[in-house]
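Student: Take a look at this one; I'll ask things after.
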Amino acid sequence: MNKLLLRLVQAFSSLWRNMGADPEQLQVILEAKLKMDGRRRSSFSQLGNRNKKEVKNQDLMTMLLFGFMGIAFMFLLILFQDSGTGLTIYFIGWIVLITLTLITDFTDVLIDVRDNYILLPRPVNDRTITVSRLLHIGFYLSKMVLAYSVGAAVYLTVEYGIGGLLLFAILMFLSVILAVLFVNITYLIILRFTSPQKFKDVITYIQIGFTSSILIGYYLLPRLIDFGAYETLTLLDEWYAWLLPPAWLGAVWSLIMTNANGLSLWIMAVLAILTPLVSIYLVAKYLAKDFNQKMLQMGQGGSAREKKQGEHQQVRQSVGIKERTAAWLTRSAAERAGYEWTWSITQRSRTFRLKLYPLFGFVPAYFAFLFLNEEGSLPQKIESLLEGRNYIVLLYFCLFILTGAYNLLAFSERYKAAWVYQVGPVAKPGPIIIGAFKACATKYFAPFYLIISVVILLAWGPGAFLDVVLALSNLMVLGLLLGYATQKKLPFSQAWENQNKGSNMAQGFLTIIFAGLVGAGHYFLVGTLWWVGPLFLLLSLGILLLIYRAYYHLEWQEIK
Amino acid sequence: MDIQTPIITMRDLRKSYGSKEVLHGIDLEITSGQVVGYIGPNGAGKSTTVRILAGLDNQFEGEVTVRGKDIRTDALEIKRHIGYIPEQTEIYDVLTPREFLQMLGRLQGMEEELIQARMQKMLSYFGMDIHIDDRMDTFSKGMRQKVLLVSGLLHNPEIIFMDEPLSGLDANTVILVKEIIQQLAAQGKTIIYCSHIMDTVEKISDRIVLIADGNVVADGPIETLRREEGDTLEAIFSNLTGQSGFNEKASDFMRSFD
């Protein structure tokens with residue numbers, strides 16, 4: 001596959017030359033980058049394995065996922081009576097999906113500071129590097145395009161013949177260019193207007209925002225929208241269609257395949273074709289200028305003073321809370337060390353934030369997904385939600401935040417620094433791990449639980465107070481229990497690559513089972529007799545103490 | 001090129017990060033075939049200067065020419081003649097040394113056969129030929145450094161910038177690299193060598209440039225500096241960077257245990 005792609009690059013040599021890039025160098029850079037892609041995030045790249053096999057399973061799994069998503073979105077084409085509208089929605093799904101993938105998967109490539117030291121000292125011009133980046137992303141996307149579009153391609157060929165298939169292929173191509181340019185322009189604009197040091201932070205928050213909105217959208221939209229009313233919708237007639245690039249693609253389809261007509265459709269169709277071309281020109285001509293130099297600054301000190309001032313402020317603000325809570329919540333030096341390290345390191349770890357923060361959106365969205373009725377208007381749906389004690393489920397959903405954050409704690413980019421645990425005279429690792437657990441519960445779980453509790457008390461009334469307290473105690477028991485059962489690891493001592501997807505799923509499954517069982521006990525028993533709640537709470541606190549002690553006294557030989 | 005013609009010139013070179021100026025107007029001329037020991041305390045601006053000379057950073061003020069050409073306008077032409085060994089062992093570590101060096105050789109416009117033959121040979125002198133097809137993400141720091149050294153020399157550059165090139169290397173390799181540097185100099189290569197290891201700098205350099213706080217505070221052959229500033233390069237370094245009284249400082253330090 002890679003060879004085929006490289007031959008394709010060779011075939012367009014004169015085009016690259018006209019764009020100011022060197023075709024031979026382009027070929028060399030792309031060959032290396034494609035090779036690196038094949039080995040990216042593979043288990044083969046870990047220490048102790050020196051073979052040179054390329055792993056393609058990662059690619060295959062992603063393609064399969066895209067294939068399934070494509071088939072799911074294909075049903076929209078069948079659902080909507082107006083094929084232009086169906087295709088617009090199909091392209092909205094596609095562009096969001098591909099943009100998200102592009103940002104999450106390619107951030108490392110686009111801001112790979114190694115390029116600065118490896119490529120910039122060579123006689124390679126900026127244009128060659130920029131074009132190589134664009135092509136590299138293009139190749140990656142083409143694999144995804146194939147997987148995603150198979151379902152729709154089959155349906156459209158059956159329904160509209162070869163002409164439909166050809167037009168769909170052209171529209172897919174344009175949609176990919178639009179997505180790539182959108183991401184590229186976003187990156188370049190951010191680089192223009194922020195300091196290179198802030199760039200990674202901005203990108204992180206964009207990623208978090210995207211991931212959260214996808215999760216929230218996925219669970220919430222089907223409950224908020226009555227799709228039955230939209231079957232006859234003709235989206236392209238709406239005023240806001242102008243603002244949606246996928247609608248431009250839908251307009252091209254409508255004009256050619258459904259004999260629809262009208263000035264707005266024509267204008268949107270022209271936009272669909274002109275925008276990618278004009279954007280490519282603008283990126284290459286203006287925005288790409290100095291891009292590599294900005295990237296270089298990211299690998300260096302950059303605006304040193306600005307960075308230092310920012311860091312001082314940040315540290316000073318958090319030290320107060322960190323130290324105060326550490327003094328209250330920890331009782332030995334080792335425990336305090338575990339607490340403070342966890343507090344500081346998680347705050348500054350980009351990967352940690354990226355993996356954890358979307359969960360904060362997921363928990364309420366998933367709750368709404370489960371408990372909002374499918375029928376009726378939104379106020380009616382909310383009214384029926386507030387009947388009964390459904391909030392108990394929401395309280396137990398908070399376990400995902402606690403275990404989610406705690407499971408991530410074991411991993412770090414700087415996992416080799418874990419020698420610090422071994423070098424000190426620490427009798428048992430238990431206090432360090434308990435310290436880390438407490439920091440995690442205080443910093444990430446407690447504020448979230450507090451907000452959820454306040455919302456519940458406001459919406460359902462003070463009668464929910466005992467439930468809130470009991471659930472808190474139970475969640476601590478469950479968090480510690482799951483940690484003790486599955487996570488006997490020191491904080492920040494494992495490489496992210498070792499984060500095993502299989503054991504993650506097992507942990508997730510255990511979380512659901514345990515939270516489900518305890519939550520069900522809480523839901524059905526508390527309230528039957530007045531003394532059941534307080535007794536449950538006492539029992540819960542007793543178990544909490546026992547598990548806490550067991551975890552606290554964990555020995556070195558029990559550590560993984 | 002005439003041996004007396006400056007191959008590198010810097011005129012009033014200034015560089016700022018935000019509002020902080022780190023190079024305050026460096027003026028230097030380096031002639032062809034010189035080995036310049038470019039030394040200074042941490043944060044003095046050594047790596048910044050080298051990055052500018054290697055064409056990695058064009059956001060500076062002043063004038064910099066290499067081989068008579070302006071680094072801002074003729075960077076590509078200049079880069080054909082320079083080798084750069086950065087301070088950080090930045091490599092695409094999921095590649096093998098063969099793949100990595102092949103890519104760099106091709107970017108320098110080298111013939112395929114020459115790349116293969118030369119990389120094999122060069123790696124073998126560092127005992128790395130047996131790892132030529134191993135992925136570099138399994139390599140130690142020293143092994144990566146050896147690949148980096150080869151990457152900077154593979155295309156037989158006329159001017160070589162070395163930023164702490166001995167970092168992480170074992171004692172035997174250090175001796176080998178020092179010998180290689182001396183023989184490169186004997187062949188007429190121009191070498192800018194940044195390091196904190198003073199005895200190495202003293203041994204291989206025929207000219208020392210000492211910078212402190214972004215200014216050149218000493219420039220000349222080691223013999224001249226010895227006569228004027230101190231017996232050893234270490235002493236010269238301390239005198240000129242305003243650091244002295246280490247004995248007292250050490251005693252003060254020891255009193256921290258009281």
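The values are calculated or read from the model by the stated rules, or taken from the named source; none is laboratory data. Note that the coordinates shown come from a computational prediction; the quantities given were computed from them, not determined experimentally. Here the Cβ is made from the backbone with ideal geometry for all residues, glycine too, and neighbour counts use every protein chain on show. Accessible surface is based on the protein model in full, side chains and every heavy atom, while ligands, DNA and RNA are left aside. Shrake-Rupley method; radii C 1.70, N 1.55, O 1.52, S 1.80 Å.
Student: With a 10 Å cut-off between alpha carbons and a GNM built on chain B, which of B:G242, B:G25, B:G37 moves the most?
Tutor: Looking only at B:G242, B:G25, B:G37, the biggest GNM fluctuation is shown by B:G242.
Student: Looking at chain B, what % of the alpha carbon pairs are farther apart than 30 Å?
Tutor: On the way: 10526 of 33153 pairs.
Roughly 32 percent, rounded to a whole number.
Student: Another question, if that's okay. Each residue of region B:214-227 in turn: what ³J(HN,Hα) in whole Hz from Karplus with 6.51, -1.76, 1.60 and θ = phi - 60°, glycine and Pro shown as x?
Tutor: For region B:214-227, the Karplus curve yields x, 10, 7, 10, 7, 7, x, x, 4, 4, 4, 5, 4, 4 Hz.
Student: Something else: With a 10 Å cut-off between alpha carbons and a GNM built on chain B, which of B:R227, B:R14, B:R207 moves the most?
Tutor: Result for chain B, Cα springs under 10 Å: B:R227 fluctuates most.
Student: At 1.4 Å probe size, with no ligands or nucleic acids counted, give the accessible surface of B:H131 in Å², nearest ten.
Tutor: 40
Student: Using a 10 Å cut-off on Cβ to Cβ distances, tally the other chain neighbours for every residue of B:100-109 and report the average as a whole number. Write down the numbers at each step before the final one.
Tutor: Numbers: counts 2, 0, 3, 10, 6, 2, 8, 13, 4, 5.
So the per-residue partner count for this stretch is 5.
Student: Whole number please: convex hull volume per residue of the Cα set in region B:90-156, in Å³?
Tutor: 73
Student: Helix-only mean residue ellipticity at 222 nm, chain B, DSSP H runs n ≥ 4 weighted -39,500 (n - 2.57), per residue, nearest 500. What is it?
Tutor: Details: 10 runs with 99 residues, N = 258.
So the helix-based figure for chain B works out to -11000 deg cm²/dmol.
Student: What are the ³J(HN,Hα) couplings of region A:236-252, residue after residue, when phi is run through the Karplus curve with 6.51, -1.76, 1.60 and θ = phi - 60°? Round to Hz, x for glycine and proline.
Tutor: Each residue of region A:236-252 in turn: 5, 7, 6, 5, 6, 4, 4, 7, 9, x, x, 5, 4, 5, x, 5, 4 Hz.
Student: Please list the non-local residues whose amide H lies under 5 Å from the amide H of B:I8, H modeled 1.01 Å from N, same-chain partners needing a gap of 5 or more.
Tutor: Those qualifying (amide H under 5 Å, at least 5 residues apart or on another chain) are B:I30, B:R67.
Student: Something else about it: Could you report the buried accessible area between B and A, both sides summed, computed with a 1.4 Å probe and given in Å² to the nearest 100?
Tutor: Looking at B and A, the buried total is near 3800 Å².
Student: Can you give the accessible area of A:E383, probe radius 1.4 Å, in Å² rounded to 10?
Tutor: My reading of the accessible area for A:E383 is about 120 Å².
Student: Okay, next question. Sorted by accessible area (1.4 Å probe), largest first, how do A:I543, A:I95, B:I159 line up? Display every interim value, and only then the final one.
Tutor: Details: A:I543 75, A:I95 30, B:I159 0 Å².
Most to least solvent-accessible, the answer reads A:I543, A:I95, B:I159.
Student: Averaged across the residues of A:22-30, what count of C-beta atoms belonging to other chains lies within 10 Å of each residue's C-beta?
Tutor: Values: counts 3, 0, 3, 5, 0, 1, 6, 3, 0.
That works out to 2 on average.
Student: Can I ask one more? Hey, if we sort A:R348, A:R122 by accessible area with the 1.4 Å probe, largest down, what's the order?
Tutor: On the way: A:R348 135, A:R122 10 Å².
I get A:R348, A:R122, largest accessible area first.
Student: Same structure again: For A:119-129, what's the mean count of beta carbons from other chains sitting within 10 Å of each residue's beta carbon?
Tutor: Partner Cβ neighbours, averaged per residue: 6.
Student: Only Cα pairs under 8 Å and at least 6 apart count here; give the relative contact order of chain B as a rounded whole percent.
Tutor: Details: 435 pairs, mean separation 63.4, N = 258.
Relative contact order, chain B: 25 percent.
Student: Of A:D126, B:D231, which has the most accessible area with a 1.4 Å probe, and how do the rest follow in descending order? Display every interim value, and only then the final one.
Tutor: Details: A:D126 60, B:D231 125 Å².
I get B:D231, A:D126, largest accessible area first.
Student: Stick to Cα atoms and the Kirkwood definition of Rh, then tell me Rg/Rh for region B:27-70.
Tutor: Values: Rg = 11.2 Å, Rh = 11.8 Å.
Using only Cα positions, Rg/Rh for region B:27-70 is 0.95.
Student: Continuing with the same structure: Given a cut-off of 25 Å, name the pairs among B:K46/B:K146; A:K33/B:K79; A:K35/B:K189; B:K121/B:K189 whose C-alpha atoms lie farther apart than that in the structure shown. Don't skip to the end; give the middle numbers.
Tutor: Details: B:K46/B:K146 22 Å; A:K33/B:K79 22 Å; A:K35/B:K189 35 Å; B:K121/B:K189 20 Å.
Over 25 Å apart, Cα to Cα: A:K35/B:K189.
Student: Another question, if that's okay. Give the shape of region A:366-474 as rounded, prolate or oblate, defined through the alpha-carbon gyration tensor: a ≥ b ≥ c are the square roots of its eigenvalues, a/c under 1.5 means rounded, and otherwise the shape is prolate if a/b is larger than b/c and oblate if not. Working shown, then result.
Tutor: Details: a/c = 4.39, a/b = 2.48, b/c = 1.77.
Since a/c reaches 1.5 and a/b is larger than b/c, the shape of region A:366-474 is classed as prolate.
Student: Please state the equivalent ellipsoid semi-axes for the protein assembly as shown: what are the square roots of 5 times the Cα gyration tensor eigenvalues, largest first, in whole Å?
Tutor: Working through the eigenvalues yields semi-axes of 53, 40, 23 Å.
Student: Only Cα pairs within less than 10 Å get springs; with that Gaussian network setup on chain B, which residue of B:L149, B:L107, B:L123 has the largest fluctuation?
Tutor: B:L107
Student: Once phi is turned into ³J(HN,Hα) by the Karplus curve 6.51 cos²θ - 1.76 cosθ + 1.60 with θ = phi - 60°, what whole-Hz value does each residue of region A:507-516 show in order, with x for glycine and proline?
Tutor: Result, ordered by residue: 5, x, 5, 4, 4, 5, 4, 5, 4, x Hz.
Student: Please report the carbon-and-sulfur percent of the accessible area for region B:90-156; probe 1.4 Å, protein heavy atoms only, DNA, RNA and ligands left out.
Tutor: With neighbouring chains kept in place, the figure for region B:90-156 is 49 percent.
Student: Also, I was wondering about something else. Could you pull out every residue, at least 5 positions away or on a different chain, whose amide H is within less than 5 Å of the one on B:R14? Hs are placed 1.01 Å off N in the peptide plane, and Pro or chain starts have none.
Tutor: Distant-sequence amide H within range of B:R14: B:G25, B:I26, B:E61, B:G62.
Student: Under a plain spin-label model, where a point goes 7 Å from the Cα along Cα-to-Cβ, how far apart in nm are A:V278 and A:Q557?
Tutor: So the two model labels end up 7.3 nm from each other.
Student: Sticking with this one: For region B:130-258, go through all pairs of different Cα atoms, get the mean of 1/r, take its inverse, and jot down that Kirkwood value in Å. Let's see the in-between values first.
Tutor: Numbers: mean 1/r = 0.0583 Å⁻¹.
After inverting the mean inverse Cα-Cα distance, the result is 17.2 Å.
Student: Could you work out, for region A:423-466, what percent of all Cα-Cα pairs fall into each 5 Å distance bin, beginning at 0 Å and stopping at the bin that holds the largest distance?
Tutor: Bin by bin from 0 Å, the calculated values are 5, 20, 15, 13, 12, 11, 8, 6, 5, 3, 1.
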